[in-house]
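K.L.:
Below you'll find the structure I mean.
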Amino acid sequence: TPKTEEPVEPDVSKDVEETLDTPEVGEPTEPKKPIILSTTTSTQDSGLLDYLLPIFTEETGIEVKVIAVGTGKALQMGIDGEADVLLVHAKPDELQFVEDGHGTKRNDVMYNDFILVGPMDDPLNLKENYPGDILEGLKLMKENEFTFVSRGDDSGTHKKELGIWKEAGIEPAGAWYMDAGAGMGDVLKIANEKQGYTITDRATYLSMRDVLDLDIVTEGDENLLNQYGVIPVDPEKNDNINGEGALEFYNWMISDHGQDLIGGFGLEEYGQPLFFPNAN
Amino acid sequence: MEITIENLERYYGDRRVLYIEKMEIEKGKITAITGPNGCGKTTLLNIIAGLDREFSGVIKYDGKYLNRETVDKMTIVFQKPYLFRRTVFENIEYPLRIRGINKVNRKPLVVDLAKGLEIENLMGKKAHLLSGGESQKVALARALVFKPELLLLDEPTSNIDPDAINTLEREILKFNKETECTVLIVTHNMEQAKRLGNRIIELSYN
Amino acid sequence: MEITIENLERYYGDRRVLYIEKMEIEKGKITAITGPNGCGKTTLLNIIAGLDREFSGVIKYDGKYLNRETVDKMTIVFQKPYLFRRTVFENIEYPLRIRGINKVNRKPLVVDLAKGLEIENLMGKKAHLLSGGESQKVALARALVFKPELLLLDEPTSNIDPDAINTLEREILKFNKETECTVLIVTHNMEQAKRLGNRIIELSYN
Amino acid sequence: MDYITQGFKEAIKLLISLDKEVFKIVSLSILVSTSATVFASLISIPLGVYFGIKRFKGKRMFSRITYTMMSVPSVVVGLVVAIILSRRGPFGQFDLLYTKKAMIIAQTLLVMPLVFGLTYGLAKSRGDIIERVAFTLGANKFHTVTLIIRELKIDILVNIATAFSRAISEVGAVMIVGGNIKGYTRVITTTISMMNSMGDYPMAIALGLVLILISFVIHSIIYSYSQED
Amino acid sequence: MDYITQGFKEAIKLLISLDKEVFKIVSLSILVSTSATVFASLISIPLGVYFGIKRFKGKRMFSRITYTMMSVPSVVVGLVVAIILSRRGPFGQFDLLYTKKAMIIAQTLLVMPLVFGLTYGLAKSRGDIIERVAFTLGANKFHTVTLIIRELKIDILVNIATAFSRAISEVGAVMIVGGNIKGYTRVITTTISMMNSMGDYPMAIALGLVLILISFVIHSIIYSYSQED
Ligand SMILES: Nc1ncnc2c1ncn2[C@@H]1O[C@H](COP(=O)(O)OP(=O)(O)OP(=O)(O)O)[C@@H](O)[C@H]1O
Ligand SMILES: Nc1ncnc2c1ncn2[C@@H]1O[C@H](COP(=O)(O)OP(=O)(O)OP(=O)(O)O)[C@@H](O)[C@H]1O
Ligand SMILES: [Mg+2]
Ligand SMILES: [Mg+2]
């Protein structure tokens, strides 16, 4: 398990002036206009949204329509005004997004962690030598030209992976570096077939563990932490954007209540949380 | 309807299969056309019927070129008839139906004709399952039912038994007399040509 | 080939379209079959040819039931012939080709026959574009070329011109004499039945 | 390997359990694809017959384009419809993207060229003789087209079944314009493809079998109807 | 909206630039789909004709199943092939998953029922009279089948073109068994679908146009060949 602090106590004073009469827990309200949430496949595939959204809808009366795509496309949907609110993980791009005026604001919501997985017999002996150091592991990968499968789809995970390679000072290229251009689940399966290594989010790996012959090799490195942010899209973009609903979702996600729920997800099934709330 | 043909030529590829310098088909009369296989009889009928427009030369119907009205007033019975996949009754009734004649008025017209051609017993059968001779009779009935002014018949009795040939010829003559319809009949049977034709035209190879 | 038929019945739905208590077709002879339209002549020929097996009763060929060898030795010319979308030559040659006769030997057989039936001029044409009468001649040639022992002809001259009818009848007679082939010919033309038939069978409605 | 047997078992369980969510997914699939097939057929069948029998200059070129359009990939159709229906697009004010209506529109556009092409080819090869007969009996264009549709009824029905099968089994267009939103726009194929990425093979296969079953039922209905003739 | 015009521009640029990567993607698409179509045709055409003209008990049921199989969704075919070829599957030792060969296998299996069904339907409706004639001329089963293939050549060619179009425009099967690996198994449709999920619409449309162009060329070739007749 990754070394992480306990979920941070949220600061109640934050964003109070923008909290539009958040209803009491459990008190149902009149149905309101639904919102479109554009997010990454990992939040959907891990089951987090299936767990959170019914509660949100019950409490606020707002239905949430989820479009699960890569982070690149999710941001594009924000720019195009196709979505009302985004839940994505590519912090630098997100900040740029808000700076360019596409979103009104951004807040950290939670983080999860990435892991390096590889063949059961771990041919590079990374688990033994660098169980907590992803940079050294990647260097060894490059030296041996050992098969590494990359998402290659401009997703948040892909961007994260490229960032780590950069951190390690390596330009990944060559026949050993497979650019899959596919979703996380598919990439895990490809790595499994090719018996190579890949960087994945923990949630997807855990949910597919049974069908894979892959083991966790490296985990817990600072570089592997993955920050999610929530951004309401600029409601001025067009008349169809549900700015109010988006704001309500934004506030709910970073509220104590929302954060507690996030921290509790996955405990039952995997014995460990999959996402760590850290709204500030 | 009177038909005048001048310098009619039809080519298939390089081969000229039909050439008629001049031909006049008299109004209200029966003209029989004979000639050896492949001399262009079917080709000529298709051209007159407006089905084949790749000819050169001039054809006039009552002095005018082919137009929608002319087409409505003439019909052809093919050498190999095609009947619709419906009952015989519905086949014969079809030309009346598309002319907007209502159901009540259609029935007696169809039944009368069927009696004359002795095909009442076939009325309820699926037309596409009929025997060769039966099909020819039904195709003739379907052509006569709307009283065309020009009737083109391509070997209409080739598969008909001798008794039925008498019946059909009698009906064709009766129809010609009653409606003053112009009839053009292609036949290989010289006897039939003589029995029916006010005039016989013999085509030959070009 | 000699054919004996007993208690042959064929139904379409509830309707019995054919019933033959007993019929014998003599070996090497020409038998002509006549009868009114729809009396079941085509049905009978299809059954004898092995194309229609939904009958009851017994048919024997030289005392035996229908088998592969019998099928190979007989053929039928349909009332509406179907020719392959190839040249006339290739159509006529087809039965020889599938019998494994080599190219050099096939040609004279086809050419001889074409001469006899006076269709040499058609040899290079696409068969599916021929006129009604031309098709019938080619279909007959395709049937004769492999010298069957039983030849079933369904109104084979219905669209043929009078001169060509003479030619065809002469060829059929010659073929029958030379090969001692059994011929069964359906025709509506009583004169033709008399000219060709050693025996005439008249079918009637059932 | 036992995924497949497991898939069969799951499929049977699914069908018996009548799970509400699965029921919703399946019925939405049927609704969307049926509507699309009906709309596409109403437009494309008469037009297909009309152009099939019409003689005009450039008909060869027209045929090639028609046959090409029959195989436009569903992702491309989905993409174009998504762009047009998007909030910034020309029909943005109707808020149609990521709705059932968008899926019906996309699938209608997807199968329209298919139905058109199949009918066109049919009319071109078998409508000619019918048109000639109709012409000589005095039929106008409208009569001729309806007559040909009636005469070729069975083949046209088979074409409609083919179009329905294409619609219900495609994933590209519905995924892009529908977005696979749970409870709203999730259909069988988008679920299969999601299950596959999630590694839930038995469930994916089970849904695949349900889809094949639906196709079978549709074909059986049309087939038994065509046998009456 | 201007994505579409932009897509056209990109498409033209793509085609002119002869970009090496695009070239690789396009040629792999053609290679995979052509191989699959050829293999499927070699098997399915003779079989389709044979069963189309054969009279046997249960032929109605056989027809329904045949028509149903024609529309098996590509994701299902992909899934089943992936399971069989995967390391844990029965053919695991050949290491075929996520290779070109796997893509050819999956597409062959995908279009085999399509070619079979189309040929079967054709032989059933139009082969009957040819079979009767062949029978009376003494043809055996083999002769009859080859004769019917030759007689219906044009329609069979159109069917093959349809199968090719289906293969080259499908994404479900090649994505699952190929994995869209750059330089190895990336084909046009998987690229389009990736571009779409990356939000790169102009490029996606451009590749869509390239795909349509390929289809058009194939149909034109077949069409001009069939005109010679
Ligand atoms: N589509 C076509 N392409 C090429 N040649 C054709 C076509 N149609 C007819 N022909 C040829 O044109 C000639 C005339 O044909 P047509 O059908 O008019 O003859 P016909 O006088 O009616 O003969 P028949 O008495 O046998 O019916 C024939 O030699 C025929 O082979
Ligand atoms: N497939 C079928 N279904 C139903 N009835 C049929 C079918 N085929 C033929 N018939 C009917 O069976 C009867 C006999 O047909 P057949 O073709 O044997 O007649 P035929 O003696 O050859 O007549 P013709 O001299 O007109 O050729 C006809 O009344 C015909 O309508
Ligand atoms: Mg003629
Ligand atoms: Mg008959």
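Coordinate-derived values only; no laboratory data. Just so it is clear, the structure is predicted and the values come from calculations on it, not from any experiment. Cβ atoms come from the backbone with ideal geometry, glycine included; neighbour counts cover every protein chain shown.
K.L.:
Calculate for the protein assembly as shown the 222 nm mean residue ellipticity that helices alone would give, adding -39,500 (n - 2.57) per DSSP H run of length 4 or more and normalising by residue count, nearest 500 deg cm²/dmol.
P.N.:
-17500 deg cm²/dmol
K.L.:
May I pose another question? Out of all DSSP beta bridges in the protein assembly as shown, what portion is antiparallel? Express it as a percent rounded to 5.
P.N.:
55 percent
K.L.:
In sequence order, what are the phi-derived ³J(HN,Hα) couplings for the range E:10-20 according to the Karplus relation 6.51 cos²θ - 1.76 cosθ + 1.60 with θ = phi - 60°, rounded to whole Hz, with x for glycine and proline?
P.N.:
Ordered by residue, 3J(HN,Hα) equals 4, 4, 5, 4, 3, 5, 6, 5, 6, 3, 4 Hz.
K.L.:
Another question about this same structure. Go ahead and run the numbers for FRET between residue E:43 and residue A:216, Cβ-Cβ distance against an R0 of 60 Å, rounding to 0.05.
P.N.:
In this case the efficiency is close to 0.85.
K.L.:
Using a label point 7 angstrom from Cα along Cα-to-C-beta, what distances in nm, from shortest up, separate residue C:28 from the other copies?
P.N.:
6.3
K.L.:
Under a point-charge model restricted to the Cβ atoms of Lys and Arg (+1) and Asp and Glu (-1), what is the dipole moment magnitude of the range C:156-206 relative to its Cα centre, in debye to the nearest 20?
P.N.:
Using only the charged Cβ atoms, the result is roughly 180 debye.
K.L.:
Oh, and also: I'd like the FRET efficiency for residue B:104 and residue B:126, computed as 1/(1 + (r/R0)^6) with the beta carbon distance as r and R0 of 30 Å, rounded to 0.05.
P.N.:
With R0 = 30 Å, the Cβ-Cβ based efficiency is 0.75.
K.L.:
Please compute the net charge surrounding residue D:179, taking Lys and Arg as +1 and Asp and Glu as -1 over other residues with Cβ under 12 Å from its Cβ.
P.N.:
+4
K.L.:
Mind grabbing the base-10 log of I(q)/I(0) for the range D:2-228 at q = 0.09, 0.10, 0.11, 0.17 Å⁻¹? Debye formula, identical points on the C-alpha positions, no solvent, two decimal places.
P.N.:
For the range D:2-228 at q = 0.09, 0.10, 0.11, 0.17 Å⁻¹, log10 I(q)/I(0) is -0.44, -0.54, -0.64, -1.16.
K.L.:
Given the options D:50, D:75, D:35, identify the residue whose Cα lies farthest towards the positive end of the charge dipole of the range D:2-228 (+1 on Cβ of Lys, Arg; -1 on Cβ of Asp, Glu).
P.N.:
Of the options given, the answer is D:50.
K.L.:
Give, rounded to the nearest 20 debye, the magnitude of the charge dipole that the protein assembly as shown has about its Cα centre when Lys and Arg contribute +1 at Cβ and Asp and Glu contribute -1 at Cβ.
P.N.:
Dipole size: approximately 7560 debye.
K.L.:
Output wanted: per-residue J couplings in Hz (rounded whole) for the range E:150-167, from phi through Karplus 6.51 cos²θ - 1.76 cosθ + 1.60, θ = phi - 60°, x for Gly and Pro.
P.N.:
Running phi through 6.51 cos²θ - 1.76 cosθ + 1.60 with θ = phi - 60° gives 5, 5, 9, 2, 4, 5, 5, 4, 4, 4, 5, 4, 4, 5, 4, 4, 4, 5 Hz.
K.L.:
Also: Each residue of the range C:92-105 in order: what ³J(HN,Hα) in whole Hz does its phi give by Karplus 6.51 cos²θ - 1.76 cosθ + 1.60, θ = phi - 60°, with x for Gly and Pro?
P.N.:
5, 6, 3, x, 6, 4, 6, 8, x, 6, 7, 3, 4, 6
K.L.:
Using amide H atoms built 1.01 Å from N in the peptide plane, name the residues 5+ places from residue A:228, or on other chains, whose amide H lies under 5 Å from its own.
P.N.:
Under 5 Å from the amide H of residue A:228: A:109, A:110, A:111, A:112.
K.L.:
Treat the count of other C-beta atoms within 10 Å as a stand-in for reagent exposure and order A:176, A:252 from fewest to most.
P.N.:
A:176, A:252
K.L.:
Something else: Evaluate the distance, in nm, between pseudo-label points positioned 7 Å from the Cα of residue D:20 and of residue C:179 along their respective Cα→Cβ axes.
P.N.:
7.9 nm
K.L.:
Please identify every one of the GluC sites (Glu not before Pro) in the range A:193-280 that sits in a loop by DSSP and has no more than 14 other beta carbons within 10 Å of its own beta carbon. Numbers along the way, then the final one.
P.N.:
Details: sites: A:193, A:219, A:222, A:236, A:244, A:248, A:268, A:269; in loops: A:219, A:236.
Qualifying residues, ordered by number: A:236.
K.L.:
Roughly how big is the range E:2-228's charge dipole about its Cα centre, with Cβ charges of +1 (Lys, Arg) and -1 (Asp, Glu), in debye to the nearest 20?
P.N.:
On the way: 23 positive and 12 negative charges, 188 e Å.
It comes to approximately 900 debye.
K.L.:
Name the nearest-to-axis residue of chain B, judged by Cβ distance to the rotation axis taking chain B onto chain C, and quote that distance in whole Å.
P.N.:
Residue of B nearest the axis onto C, distance in Å: B:158, 2.
K.L.:
Now for a different question. Please give, to one decimal in nm, the separation of the simple spin-label points placed at residue D:225 and residue D:128, each 7 Å out from Cα toward the Cβ.
P.N.:
With each label placed 7 Å out from Cα toward Cβ, I get 3.0 nm.
K.L.:
Please compute the modelled spin-label separation between residue C:24 and residue B:163, points set 7 Å along Cα→Cβ, answer in nm with one decimal.
P.N.:
2.9 nm
K.L.:
Give the long-range amide H neighbours of residue B:38: residues separated by 5 or more places, or on another chain, with amide H under 5 Å away, using H modelled in the peptide plane at 1.01 Å from N.
P.N.:
C:133, C:134
K.L.:
Compute the signed sum of charges (Lys and Arg +1, Asp and Glu -1) over the other residues within less than 15 Å, Cβ to Cβ, of residue C:101.
P.N.:
Here the charged neighbours net out to +3.
K.L.:
When C:12, E:50 are ordered from fewest to most other Cβ atoms inside 10 Å of their Cβ, what list results?
P.N.:
C:12, E:50
K.L.:
Can you list, shortest first and in nm, the gaps between the label point of residue C:64 and those of its counterparts in the other copies, using a point 7 Å from Cα in the C-beta direction?
P.N.:
Nearest first, the other copies' label points are 7.0 nm away.
K.L.:
How long is the protein assembly as shown along each principal axis, judged by its Cα atoms, biggest number first, in Å?
P.N.:
114, 59, 56
K.L.:
How high is the FRET efficiency between residue E:31 and residue E:141 when r is their beta carbon distance and R₀ equals 45 Å, given to the nearest 0.05?
P.N.:
0.85
K.L.:
When each copy gets a label point 7 Å from Cα toward the beta-carbon at residue D:146, what are the spacings between them in nm, shortest first?
P.N.:
List, nearest first: 5.0 nm.
K.L.:
What is the local net charge at residue A:151, summed over the other residues whose Cβ is closer than 12 Å to its Cβ (Lys, Arg +1; Asp, Glu -1)?
P.N.:
Computed value for this residue: -3.
K.L.:
Here is a further query. Using only alpha carbon pairs under 8 Å that are at least six residues apart, calculate the relative contact order of chain B and give it in whole percent. Show your work: numbers first, answer last.
P.N.:
On the way: 374 pairs, mean separation 67.5, N = 206.
For chain B, the relative contact order is 33 percent.
K.L.:
Positive end of the charge dipole of chain D (Lys, Arg +1 and Asp, Glu -1 on Cβ, about the Cα centre): tell me which of D:217, D:184, D:123 has its Cα farthest that way.
P.N.:
Of the listed residues, the answer is D:123.
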